[in-house]
Amino acid sequence: MQRTNAPLLCRARRTVSVLAFATLAGCATTQQPPVAPASPAQPLPPPARPQAPAAQNPPGPEQGFAQWVKDFRAEMRAAGVGEAALRDAFDKVQYLPRVIELDRAQPEFVRPVWDYLDTAVSAQRVATGQEKLAQIRSAADAASARYGVPPGVIAAIWGIESNYGGNYGNTPAIDALATLAYEGRRRDWARGELRAALRIIENGDIDHAHMVGSWAGAMGQTQFLPSNFLRYAVDADGDGKRDIWGSMPDVMASTANFLASSGWQRGQPWGAEVQLPSNFDYGRADSSVRQASGQWAAEGVRSMDGRPLPDFADGAILLPAGARGPAFLVGPNYRAVLRYNNSDSYALAVGLLSQRLEGGPGVQAQWPRELTPLTRSQMRELQTVLNQEGFSSGEPDGLLGPATRAAVRRYQHSAGLVADGFPTLELLQRLQAP
Ligand code: CA
């Protein structure tokens, strides 16, 4: 949750042991520059080797890590954490260099939404999901009855997070989070999650060896961070442990509880694909523009099958690929899924996979597959030139956030273009033209 998609994480994790030694050998101090940006889908370049042997061997990250663990352990002991939990958590804790490599990698190539959906909602993912859901039907139905989240939605999250439990990672969460708290990009965050992980061990839900997940600390079949585990995990099978690794009743109930606590409305769909009228003002397709479905209908927004629109009090129009791609009307349940992982591609994949698992349709309009999404450096160029032209997009960071979308819309509007806020290479070239 709250990170990039699980398949990438899982692919990365399998190489941890292979690269661990090579990385250690080349990493003489903790002050190495970050590794070159690379797509997580491609092998990372080997780390830079020191130019010349140092006169004295400076302490490597592992020595520094051992001292850091000692200090953290003392701090936790002083804070009242029991000795048995501290021993289980830290006696065999390991520094994981690969975790730092992945934490510092910034992918240059951005995966277009249609490409992500091809994998996340593939025919195979649907077929496997229907089979898996049938196997755990009573656990899914019980969670659904208790929390009001349909079985298909819980199963869709399960499918996307770990391919229905087939691949949820085997990195000990304590090791990953201790490494990140020691020298990751977000140390305070990792430290907080590590404290939460320690509380889980102390509660007796699971031990160090079995508390496993992704390199980034997301755990179990639906990838809970430890802080979310403490808030939302549920012991649904009544064995006294909250087990999101091995107990399907616990996995289903915990995931449904997360969504229910994030604003999921019982009985409402996540959203629906819609058709927009030819005179639609694309400037209004924005998550901040919300109104009742009746008002959207009065403006000419129609469902694909001619039936009434889902009944939302505050629905928004979503154009994941701009005005040339499919349109969706999304409501509070879509926003609850965003709380699980704040990415439109992710939330859309969960909605569409749940719909397919329940026998519904996939996306009907065509994706604009001819468009090439901007790379991270092209996005930075776009932000820079927008700023220069007076359309403030904030500090250029290469990421498409709300400020950049708004700046793109303002530019499009001023240039008489369709103001869908969707940046393309064409748009960048137009802005860069003399
Ligand atoms: Ca249990």
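The values are calculated or read from the model by the stated rules, or taken from the named source; none is laboratory data. Quick caveat: nothing in here was measured; it's all calculated off a predicted structure. As a convention, Cβ positions derive from the backbone with ideal geometry for all residues, glycine included, and neighbour counts pool all protein chains shown. Remember, those area values only see protein heavy atoms, side chains included, never the ligands or the DNA or RNA. Shrake-Rupley method; radii C 1.70, N 1.55, O 1.52, S 1.80 Å.
Largest mean-square fluctuation among GLY267, GLY362, GLY80, in a Gaussian network model of the chain whose springs join Cα atoms under 10 Å apart, belongs to GLY80.
Taking 0.36 nm per residue of separation and subtracting the Cα-Cα distance, what length does fully extending GLN388 through HIS210 add? Don't skip to the answer; put the middle values down first.
Numbers: separation 178, 0.36 × 178 = 64.08 nm, distance 5.25 nm.
Difference between extended and current length: 58.8 nm.
Across segment 348-431, Cα pairs under 8 Å and at least six residues apart give a relative contact order of 24 percent.
Here each label is just a point 7 Å from Cα along the line to Cβ, and for SER288 and LEU417 those points are 2.0 nm apart.
Apolar share of the accessible surface for the chain: 51 percent from carbon plus sulfur atoms, 1.4 Å probe.
The protection proxy used here, the mean number of other Cβ atoms lying within 10 Å of each residue, ranks peptides 422-432, 139-149 as follows, highest first: 139-149, 422-432. For the pair ALA66 and GLN432, label points projected 7 Å from Cα toward Cβ lie 5.1 nm apart. Averaging the sequence gap over all C-alpha pairs within less than 8 Å and six or more residues apart, then dividing by the number of residues, gives the chain a relative contact order of 15 percent. Extension gain for ARG187 to ASN203 (0.36 nm times residue separation, less C-alpha to C-alpha distance): 3.3 nm. The stretch between ARG77 and SER138, if pulled fully straight at 0.36 nm per residue, gains 17.8 nm over its current Cα-Cα span.
Residue ranges 188-198, 235-245 sort as 188-198, 235-245 when ordered by packing (mean number of other C-beta atoms within 10 Å per residue, highest first). Distance from the C-alpha centroid of segment 258-320 to that of segment 382-434: 26 Å, rounded to the whole angstrom.
Per residue and in cubic angstrom, what volume does the convex hull of the Cα atoms of segment 376-432 have?
Values: hull volume 3.7 nm³, N = 57.
Output value, Cα hull per residue: 65 Å³.
In this simple spin-label model, placing a label point 7 Å from the Cα along the Cα-to-Cβ direction at both GLN295 and ASP237 gives a separation of 4.8 nm.
Which whole-number value in Å² is the accessible area per residue of the chain, probe 1.4 Å? All intermediate terms of the calculation are to be shown ahead of the outcome.
Details: 19730 Å² over 434 residues.
Value returned for the chain: 45 Å² of accessible area per residue.
Using helices alone, I'd like the mean residue ellipticity at 222 nm for the chain: each DSSP H run of four-plus residues gives -39500 (n - 2.57), total over residue count, nearest 500.
Values: 19 runs with 209 residues, N = 434.
It comes out at -14500 deg cm²/dmol, rounded to the nearest 500.
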